[in-house]
Amino acid sequence: MIKKLLFLVDKLPYKAENSRLALTHAIASQTVEIHLEDEDNVEPVLAFVGEGVLNCIKGQKSLDAYGITSLEGHIKNALLLDLKVMVCKEDLKKFGLTEDSIIMDAEDIGGDMLTNVLPFADILNEMEVADHILHF
Amino acid sequence: MGKLAIGCFSSLVGSMSLDFAIKLSEAAINKGHQVDIWLSGNATMLSKKGQRKFQDYSALEAKTKDLITKGLNVTACEACAESRGYHKEDTLEGFKRKSMDYYLASCFNSDRVIHIGGE
Amino acid sequence: MKLGVFVNQYSQSNSTLDRIKTDNLGIILVQNGVYHAALKEDGKASSLLSKGTVYALSEDLVSRGLALDKLDSKVKVVDYNGLVDVIFNDYEKFIWL
């Protein structure tokens with residue numbers, strides 16, 4: 001059995017660790033099988049809405065500034081690991097951002113998965129079908 | 001009866017969210033449900049030995065240990081704890097330490113999941 | 001979707017909650033969220049109270065000196081025991097604001 005966990009992120013990055021922990025927990029799905037029965041697994045889905053879309057801005061230099069890994073790096077790792085990453089289209093527009101402003105792929109580290117920029121209605125559909133919602 | 005997973009990332013003192021998590025767990029266990037608590041981020045401080053009880057601050061160690069004897073499963077994120085200087089030898093008896101995938105497995109096996117973010 | 005929304009803040013509105021549309025929405029007021037059940041601003045009740053079925057945690061109300069008999073009539077007061085039943089019987093998924 002596969003259960004879908006939706007990681008819903010609507011908070012700003014760096015000052016608080018919510019969005020960072022959302023990403024690291026979602027990425028931890030790579031090894032969850034060791035704790036489960038055979039044939040069981042978790043499918044994580046990441047959704048950035050509201051102010052949470054600001055986690056997805058590219059060109060983050062937190063490593064240089066504070067010596068900590070960037071949310072950008074985590075989002076790219078998520079894409080590299082084929083996790084579904086969704087960003088709310090309306091919220092990007094609200095903040096004057098476009099697909100050019102945000103992390104859309106992880107090609108530079110060998111990933112094929114692309115970020116999905118979607119209307120909130122589609123993200124709400126994902127909330128409906130998820131088995132559990134983890135709101136960060 | 002069912003199973004509840006609570007993921008709490010809030011500080012032990014200075015936020016009442018861990019108090020909420022523990023009191024809710026107590027009520028659920030008393031009704032015959034199973035409860036897993038996952039402590040990550042600042043909530044890992046609940047797992048640390050040497051907490052001193054003052055009337056002015058949340059004091060959850062004794063209650064949590066009592067609930068563990070009644071079946072509460074409390075697990076702290078090892079990475080979050082270590083980054084804050086809490087090592088294995090600092091961990092209260094009865095508290096587990098695991099990696100983040102353990103929380104996902106706990107969610108998988110639970111009927112209800114309440115994720116309380118950090119503060 | 002049977003969604004329970006824990007509201008633990010008072011003054012901040014949350015755009016995520018404003019956009020959620022579901023047939024079965026529960027607003028569970030805890031911590032500072034219980035002020036939504038008790039206060040009116042400029043004579044108006046909180047707009048949260050009309051978003052779904054509203055519960056308020058009694059332990060958080062009494063901690064704050066808020067009288068249980070002076071709450072908005074839409075609010076169902078529950079203690080932790082009652083909240084466990086709400087969680088297992090009335091809703092399937094939860095978010096914490």
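The values are calculated or read from the model by the stated rules, or taken from the named source; none is laboratory data. Since we're looking at a predicted model, the values are computed, not measured. Every residue, glycine among them, receives a Cβ derived from its backbone with ideal geometry; neighbour counts consider all protein chains shown.
Within the range B:40-54, the set of residues being out of contact with any Cys (no Cβ under 6 Å at 6 or more places or on another chain) and either buried (at least 23 other Cβ atoms within 10 Å of the Cβ) or part of a helix (DSSP H, G or I) (or both) comprises B:N42, B:M45, B:L46, B:S47.
Tallying residues that are polar (S, T, N, Q) and either surrounded by 21 or more Cβ atoms within 10 Å (Cβ to Cβ) or within 14 Å of another protein chain (Cβ to nearest Cβ) (or both) within the range C:1-11 yields 2.
Of the residues in the range A:115-125, at least one is more than 14 Å from chain C (Cβ to nearest Cβ) and within 22 Å of A:T24 (Cβ to Cβ).
With respect to (1) buried (at least 16 other Cβ atoms within 10 Å of the Cβ); (2) away from chain B (no Cβ under 14 Å); (3) not hydroxyl-bearing (S, T, Y), the lone exception for A:G52 is condition (2). When the range C:12-29 is filtered for residues that are surrounded by fewer than 22 Cβ atoms within 10 Å (Cβ to Cβ), within 18 Å of B:G117 (Cα to Cα) and free of Cβ contacts under 8 Å to residues at least 40 places away in the same chain, the ones remaining, listed by number, are C:Q12, C:S13, C:S15. Taken over the range B:51-68, the criterion of being more than 14 Å from the chain's Cα centre (by Cα) and touching a residue at least 24 places away in the same chain (Cβ under 8 Å) is satisfied by B:Q51, B:Y57. In this entry, A:V32 is excluded by the filter for residues that are more than 14 Å from chain B (Cβ to nearest Cβ) and closer than 23 Å to A:K4 by Cβ. Every test in (1) over 23 Å from A:L134 (Cβ atoms); (2) in contact (Cβ under 8 Å) with a residue 40 or more places away in the chain is passed by B:H87 save one, and that test is (2).
Scanning the range A:6-26 for residues that are within 8 Å of chain B (Cβ to nearest Cβ) and of a type outside the set (K, R) gives A:A16, A:E17, A:N18, A:L21, A:T24, A:H25. Residues in the range C:54-78 that are closer than 21 Å to B:F20 by Cα, surrounded by 15 or more Cβ atoms within 10 Å (Cβ to Cβ) and in contact with a Leu (Cβ under 9 Å, 6 or more places away or on another chain): C:V54, C:Y55, C:A56, C:L57, C:S58, C:D60, C:L61, C:L66, C:V75, C:V77, C:V78. Candidates in the range B:33-51 are the residues that are farther than 13 Å from B:H115 by Cβ and of a type in the set (S, T, Y); of these, the one that is nearest to the other protein chains (Cβ to nearest Cβ) is B:T44. Scanning the range B:10-32 for residues that are more than 7 Å from chain C (Cβ to nearest Cβ), at pLDDT 95 or above and not in a helix (DSSP H, G or I) gives a single hit, B:G32.
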